[in-house]
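Undergrad: Quick one: structure below, then a few questions.
The values are calculated or read from the model by the stated rules, or taken from the named source; none is laboratory data. Everything numeric in this text was worked out from a predicted model, so none of it was measured. Glycine also receives a Cβ, built like all others from the backbone with ideal geometry; neighbour counts cover every protein chain displayed. With ligands, DNA and RNA removed, areas are computed over all heavy atoms of the protein, side chains included. Shrake-Rupley method; radii C 1.70, N 1.55, O 1.52, S 1.80 Å.
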Amino acid sequence: MTIPSRLTVSDTLSFWTLETERAMPPSSLSFTSSPHVHGGDSIPRIMHTVILALMPATLLSILVFGWPALWVIVITTLTAVVTEHLLVKLRLRPSPVGDLSAALTGLLLALTLPPHAPWWICVVGGIFAILLGKQVYGGLGYNMFNPALIARVFLLISFPVEMTTWPHPVGLLGEEALAFGDAVALIFTGHMAPGEVMDAISSATPLGQYRMEVSLGKTVQEALGGNYAFSYFNATGGLVAGSLGETSALLLAAGGIFLLKKRIITWHIPLSMLAGCLIPAVLFWLIDGTKYPDPIFHLITGGLVLGAFFMATDMVTSPVTPLGQIIFGASCGLLTYIIRTWGGYPEGISFAIVIMNTAVPLLDQYTRPVIYGKTRKNA
Amino acid sequence: MGIVASVLKKFHGGVHPTGHKELTERCAIEPMPMPERLIVPLHQHLGAPSVPVVQVGDKVFKGDLLGASGGFVSAAIHAPTSGTIQAIQEHPVGHPSGLTMLCVVIAPDGADQWNPGLKGTADPTTLDPSAIRDRIKGAGIVGLGGATFPSFIKLSPPRDKVVDLLLINAVECEPYLTCDARLMEERPQDVVAGIRIMLHALQTKQCVIGIEANKPKAIAAMEKAVAGQSDIRVVSLPVMYPQGSEKQLIEVVTGRQVPSKGLPVDVGVIVHNVATAVAIRDTIELGHPLVSRIVTVTGGGITRPANVEVLIGTLVDDVIRHCGGLKSHTKKVIMGGPMMGLALHQTDIPVVKGTSGILALTAEESSGKTEHPCIRCGSCVNACPIQLVPCTMAWFAKTDQIDQLPKVDLFDCIECGSCAYVCPANIPLVHYFRYGKLTLQAKDREDKKKALTKQRSQAREERLAREKEEKERKKEEMKAKMAAKKSDVGSSSEVKTGSPTVSKKVTAKGGTATDSKGGGDDPPVDHAKTAKGTSLPEE
């Protein structure tokens, strides 16, 4: 074995000059890392699909609550988008509003608001969600809390009256419905036509009614029956008082199943969250059905379905591991039940999810799956 | 027959990239006209480079040795055609950083004449298993699926391991590639012959050929070829990338998982690529070493997609030209498949033993959009066949938290690219993992070096302490002698003044040595002092 002597300069030259045409000049080729093909999924597609999944419930809420609901949705969403655009432009970065994440945040926030919320609630909420819920952390992907829910919690604590004034579902076109002009007046001035007052059409949410009356010593049946006349049918269909997104459990669940089908979300969070709330509901209902309402009531009233399919599943603020997602979902559900039953507020979805958001980094760290070729023991 | 699971198992995750196999799946394997020049790299395999054994100006036959195996894990390199050695020099090769490598340049004489000395064995079963392994080693056969691990090693399992199953990897899960499928359609008998040789070499009784269901013709051909042979089974596998990865294939067929950091033989399985089986058959039955391979030339940028039998050392340029050239909107030229292949900086580089495909992708076909922040959607977690958490790994690599990476099992990543394929934020995850691995390896080397330096400096300090002790002892002895002398002979003032001078000098020297201890924690400083220290006693 002999190592050959190096070539002379002339050898090298003749060799290189033999190199004639290349198929392609090297500079024009891209040589980024593998894989060289992509499945085509994108952030805008995800956001777009989620917005699409929310549309049936959103449209129904407008039908049920009338023109003011449309204004609430439009103002909140627009504020969120404009805030995002301006804030990112301030940082001299390209505007990300095309990824639709701000629009989705705005829409989700709107769905947690009372249907006749005044304009400034929408604006303050939209700005809070994007500014303090998202951009201060560095924008999309870096926020700790669900931006829509942290904004709702902020509004609920700061403006309890405006945030808990629930209009009776008056419909968009029915005889009780507000005219388009009245709706504008209501949202922007707080008054409708002269002489009318808000109380005339306001009503308690089923969860609120249950908590208030039961705390006064009545049974669940007395609380929801009588004048209140709670109807499972109306609650499922969305024809009861509540936030815009507490309307139709049915349509929201349909949207959730659409997201599952489209593989935007997995079953882990929604299912575990529903179970986390409904299993204790079954237990306590069986223990004392006069003090604790049945699980169906918990499922179709309030924001449980919206929370389970659209809020807790917010990608940025939920765990990425399957086990972490199950623990996260179940804890959200359990906390919701605890707050609804014994807490200071009749509804606990937003608090439950915001509290659990803080546990996400911990969950992700301690629930990593056992990888291929390892067992739990030697992992 | 217990090792093969009765029902096919599923591996975790995986993706379904678009196949694009229709471009070439009906293209019969065609020969290529002899190129003007062949540039044969001396390192085409995993392990040590080969050592050149020819000189410039030498005339060689096809199949003559150009480079001898350079270590245990290494492979021989042979002349792909007959001709003259024109040069032995550095030339660009398929390397992620565009590095050059020592190559043997051959000017073909056009005769393409095999060395007449190369003889095959008609009935390989007459050969001893070790003789088969030696011939496979001598023929420079490496895994042709792309990993290019020397094949003879995988046919020499350790004595304490039992091999229950020879698993033939004919999955070809990479999109676009059809070279293995065509090989099975056109030479099924040779595949079986190669399997027979490997079974004999391994002394194993059972073989499974795993083929994905999207290659019905190959499955039919192989089933026909093994008809009546109950020890070789063809198994049709549901299509799922990366099923062709050794670990995943083993899990699907046997239900067993190769232990982390372990080898397939740990679960009683040996995996070989189907093209390797044919190469082994050619070596044993015909005597031909590995000098050519089948390459799928395809993609939207190739004028005439084809399956071509290419001599090792043929330039990618020549192959592309043979296939009608590149279309003008080509964006990427890739060696290998689109999921794990290597994007080339330039096209004047040689085809090597591991080149299963030459892909020219247009902008529409290839990825390359801007990276967005991770939205933690978890798609990568669901896609990872190893069940890693890719987004966390990428975050640690991106933010240079290198120490965290081994804790999230970075080195178990097979770089299949499934995570990056599904990522909606277009994060080049595999790129970050490679960066992390390389940085960790570099750090590991650095740490070893530091440990060695520390060990050396400690040894030096111990030696100096020993020397000091020795001197103290001698001093004591001298004092004792003096005292004895004094008491014996009586006092002498000259001797008395001389003694402290000597001891003072010794202490001073000892002091210098002790001072250097202060820098003991800092290797570079210490290193310099070590050099100084060693010269001290000789002063």
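Undergrad: Can you tell me how much longer the chain between B:GLU469 and B:THR370 gets when fully stretched, taken as 0.36 nm per residue apart minus their C-alpha distance, in nm with one decimal?
TA: 28.8 nm
Undergrad: Let me ask another. Report, in order of residue number, the helices in chain A meeting two criteria: a C-alpha extent of 24 Å or more along the helix axis, and a mean Kyte-Doolittle hydropathy of at least 1.6; treat each whole DSSP H run as one helix. Before the final figure, lay out each step's value.
TA: On the way: long enough: A:43-65 (32 Å, 1.85); A:67-90 (34 Å, 1.49); A:268-287 (28 Å, 1.95); A:322-342 (30 Å, 1.01).
Those that clear 24 Å and a mean of 1.6 are A:43-65, A:268-287.
Undergrad: Still on this structure, please answer the following. Quickly work out the A:LEU173-to-B:THR100 label distance, labels modelled 7 Å from Cα along the C-beta direction, and quote it in nm with one decimal.
TA: 8.0
Undergrad: Just to be sure I understand the curve: with the Debye formula and one point per C-alpha of the range B:47-103, what is log10 I(q)/I(0) at q = 0.12, 0.16, 0.27, 0.28 Å⁻¹?
TA: The Debye formula, applied to the Cα set alone, gives -0.30, -0.54, -1.13, -1.15.
Undergrad: R0 = 41 Å: FRET efficiency of A:ARG263 with A:LEU92, Cβ-based, nearest 0.05? Intermediate values should be presented prior to the final figure.
TA: Details: r = 36 Å, r/R0 = 0.87.
Step by step, r from the Cβ atoms, then E = 0.70.
Undergrad: Still on this structure, please answer the following. Among bridges DSSP assigns within the protein assembly as shown, what percent are antiparallel (round to 5)?
TA: Of all bridge pairs located within the protein assembly as shown, approximately 60 percent are antiparallel.
Undergrad: OK, next. For chain B, find the longest principal axis of its Cα atoms and tell me its angle to the long axis of helix B:188-202, 0 to 90°, nearest 10.
TA: 30
Undergrad: A further question on this structure: If you split all Cα-Cα distances of the range B:337-385 into 5 Å bins from zero, what percentages do you get per bin, shortest first?
TA: Spelled out per bin, shortest first, that is 4, 13, 19, 19, 16, 14, 9, 6, 1.
Undergrad: Points 7 angstrom from Cα along the Cβ direction at B:THR453 and B:THR399: gap in nanometres?
TA: 3.0
Undergrad: I would also like to ask the following. How much length is gained on full extension from B:ALA131 to B:THR362, taking 0.36 nm per residue of separation minus their Cα-Cα distance?
TA: Contour length minus the Cα-Cα distance gives 78.4 nm.
Undergrad: Give the distance, in whole Å, between the Cα centre of the range B:196-240 and the Cα centre of the range A:204-260.
TA: One Cα centre to the other: 62 Å.
Undergrad: Another one. Residues of B:361-374, mean number of Cβ from any other protein chain within 10 Å of their own Cβ, rounded to a whole number?
TA: Taking all residues of B:361-374 together, the mean is 4.
Undergrad: Rg to Rh for the range A:104-154: what is it, with Cα atoms only and Rh by Kirkwood? Each step should come with its number before you reach the end.
TA: Working: Rg = 10.4 Å, Rh = 10.7 Å.
Radius of gyration over Kirkwood radius for the range A:104-154 works out to 0.97.
Undergrad: Give a residue-ordered list of calculated ³J(HN,Hα) values for the range B:414-430 (Karplus: 6.51 cos²θ - 1.76 cosθ + 1.60, θ = phi - 60°; whole Hz; x for Gly, Pro).
TA: Running phi through 6.51 cos²θ - 1.76 cosθ + 1.60 with θ = phi - 60° gives 9, 6, 6, x, 4, 5, 5, 5, 8, 5, x, 8, 6, 7, x, 4, 4 Hz.
Undergrad: How far is the Cα center of the range B:70-144 from the Cα center of the range B:30-52, in Å?
TA: Distance between centres, Cα-based: 8 Å.
Undergrad: At a 10 angstrom cut-off on C-beta neighbours, averaged per residue, how do the peptides A:286-298, B:297-309 rank from highest to lowest?
TA: In descending order of packing, they fall as B:297-309, A:286-298.
Undergrad: Let me ask something else about it. Just want to confirm a number: the relative contact order over chain A, from Cα pairs under 8 angstrom separated by 6+ residues, in percent.
TA: 17
Undergrad: When chain A is modelled as a GNM with alpha-carbon springs shorter than 10 Å, which of A:LEU250, A:LEU283, A:LEU259 fluctuates the most?
TA: Of the options given, A:LEU283 has the highest mean-square fluctuation.
Undergrad: Restricting things to Cα coordinates, could you compute the convex hull volume per residue of the range B:276-426 in Å³?
TA: 149
Undergrad: Of A:VAL220, A:VAL316, A:THR290, whose Cα points farthest to the positive end of the dipole of chain A (charges on the beta-carbon: +1 Lys, Arg; -1 Asp, Glu; origin at the Cα centre)?
TA: Farthest towards the positive pole: A:VAL316.
Undergrad: Can you bin every Cα-Cα distance in the range B:139-286 into 10 Å intervals starting at zero and give me the percent of pairs per bin, rounded to whole numbers?
TA: Histogram of Cα-Cα distances, whole percents per bin: 12, 46, 36, 6, 0.
Undergrad: In debye, nearest 20, what is the charge dipole magnitude of the range B:369-489 about its Cα centre with +1 on Lys and Arg Cβ and -1 on Asp and Glu Cβ, if you could check?
TA: With Lys and Arg at +1 and Asp and Glu at -1, about 880 debye.
Undergrad: What 222 nm value per residue comes from the helices of the protein assembly as shown, counting each DSSP H run with n ≥ 4 as -39,500 (n - 2.57) and dividing by all residues, nearest 500 deg cm²/dmol? Don't jump to the answer; show the numbers that get you there.
TA: Numbers: 31 runs with 391 residues, N = 918.
The per-residue figure over the protein assembly as shown is -13500 deg cm²/dmol.
Undergrad: Continuing with the same structure: Looking only at A:ALA330, A:ALA69, A:ALA179, which one moves most when chain A is put into a Gaussian network model with springs between Cα atoms under 10 Å?
TA: A:ALA179
Undergrad: Which aspartates and glutamates, on any chain, are close to B:LYS331 with Cα under 14 Å apart, when same-chain ones fewer than 8 places away are left out?
TA: Excluding near neighbours in sequence, the set is B:GLU364, B:GLU365.
Undergrad: Shifting gears a bit: Across the range B:1-155, how many lysine pairs separated by 8 or more positions, or lying on different chains, have Cα atoms within less than 18 Å?
TA: So the count works out to 4.
Undergrad: Let me ask something additional. In debye to the nearest 20, how big a dipole does the protein assembly as shown give about its Cα centre with +1 on each Lys and Arg Cβ and -1 on each Asp and Glu Cβ?
TA: Its charge dipole is roughly 3060 debye.
Undergrad: Additional query: Charges on Cβ only, +1 for Lys and Arg, -1 for Asp and Glu, centred on the Cα centroid of the range B:370-470; of B:LEU440, B:TRP395, B:THR370, which one is farthest towards the dipole's positive end?
TA: B:LEU440
Undergrad: If you build the convex hull over the alpha carbons only and average its shadow over all orientations, what do you get for the protein assembly as shown? Give it in nm² to one decimal. Show your work: numbers first, answer last.
TA: Working: hull surface 240.9 nm².
Answer in nm², one decimal: 60.2.
Undergrad: Right, next: In degrees, nearest 10, range 0 to 90: what is the angle between the Cα axis of helix B:523-535 and the longest Cα principal axis of chain B?
TA: In chain B, helix B:523-535 runs at an angle near 50 degrees to the longest axis.
Undergrad: Taking only Cα atoms, what is the 0 to 90° angle, nearest 10, from helix B:129-138's long axis to the longest principal axis of chain B?
TA: It is inclined by approximately 90 degrees.
Undergrad: Calculate the spin-label point distance for A:MET212 paired with B:MET482, positioning each point 7 Å from the Cα along the beta-carbon direction, and give it in nanometres.
TA: Taking the simple label geometry, B:MET482 and A:MET212 are separated by 10.6 nm.
Undergrad: Follow-up question, since we're still on this one. Under a straight-distance cross-link criterion of Cα-Cα below 17 Å, which lysines are reachable from B:LYS224, leaving out those fewer than 8 residues away in the same chain?
TA: Output for B:LYS224: B:LYS215.
Undergrad: First measure r as the distance between the Cβ atoms of A:ASP294 and A:SER158, then evaluate 1/(1 + (r/R0)^6) with R0 = 22 Å and state the FRET efficiency to the nearest 0.05.
TA: It comes out at approximately 0.05.
Undergrad: Quick one: accessible area per residue over the range B:1-120, 1.4 Å probe, rounded to a whole number of Å²?
TA: 45
Undergrad: Springs between alpha-carbon pairs under 10 angstrom, Gaussian network model over chain A: which of A:PRO115, A:PRO322, A:PRO68 fluctuates most?
TA: A:PRO322
Undergrad: Lysine pairs in the range B:370-470 8 or more apart or on different chains: how many have alpha carbons under 28 angstrom apart?
TA: Within the range B:370-470, the lysine pair count is 19.
Undergrad: Using a 1.4 Å probe on the protein chains only, how many percent of the accessible area of the protein assembly as shown belongs to carbon and sulfur?
TA: About 61 percent, which is the carbon plus sulfur part of the accessible surface.
Undergrad: Note the direction-averaged projected area, equal to a quarter of the hull surface, for the Cα convex hull of chain A, in nm².
TA: 30.4
Undergrad: Using only C-alpha positions, report the orientation-averaged shadow area of the convex hull of the range B:370-470, nm², one decimal. Please report the intermediate quantities before stating the final value.
TA: Numbers: hull surface 31.1 nm².
Averaging across all directions leaves 7.8 nm² for the Cα convex hull.
Undergrad: At 10 °C and 1.306 mPa s, grab the translational diffusion coefficient of chain B from Stokes-Einstein with a Kirkwood Rh over Cα pairs, rounded to a whole number in µm² per second.
TA: Working: Rh = 26.9 Å.
Translational diffusion coefficient: 59 µm²/s.
Undergrad: If you average the alpha carbon positions of the range B:154-187 and of the range B:412-443, how far apart do those two centres end up, in angstrom?
TA: Answer, in whole Å: 26.
Undergrad: Taking the dipole about the Cα centre of the range B:139-286, with the C-beta of Lys and Arg at +1 and of Asp and Glu at -1, give me whichever of B:ASN214, B:THR178, B:PRO188 is farthest to the positive side.
TA: B:PRO188
Undergrad: To the nearest 20 debye, what charge dipole does the range B:239-326 have about its Cα centre, counting +1 at the Cβ of each Lys and Arg and -1 at the Cβ of each Asp and Glu?
TA: 160
Undergrad: What total accessible area, in Å², is buried where chains A and B meet, using a 1.4 Å probe and rounding to the nearest 100?
TA: Separately minus together, A and B give about 5800 Å² buried.
Undergrad: For the range B:139-286, what proportion of DSSP beta bridges, expressed in % and rounded to the nearest 5, is antiparallel?
TA: 5
Undergrad: Students often forget the sequence filter, so: which lysines lie under 22 Å Cα-Cα from B:LYS475 once same-chain residues fewer than 8 apart are removed?
TA: Reachable lysines: B:LYS485, B:LYS486, B:LYS496, B:LYS504, B:LYS505, B:LYS509.
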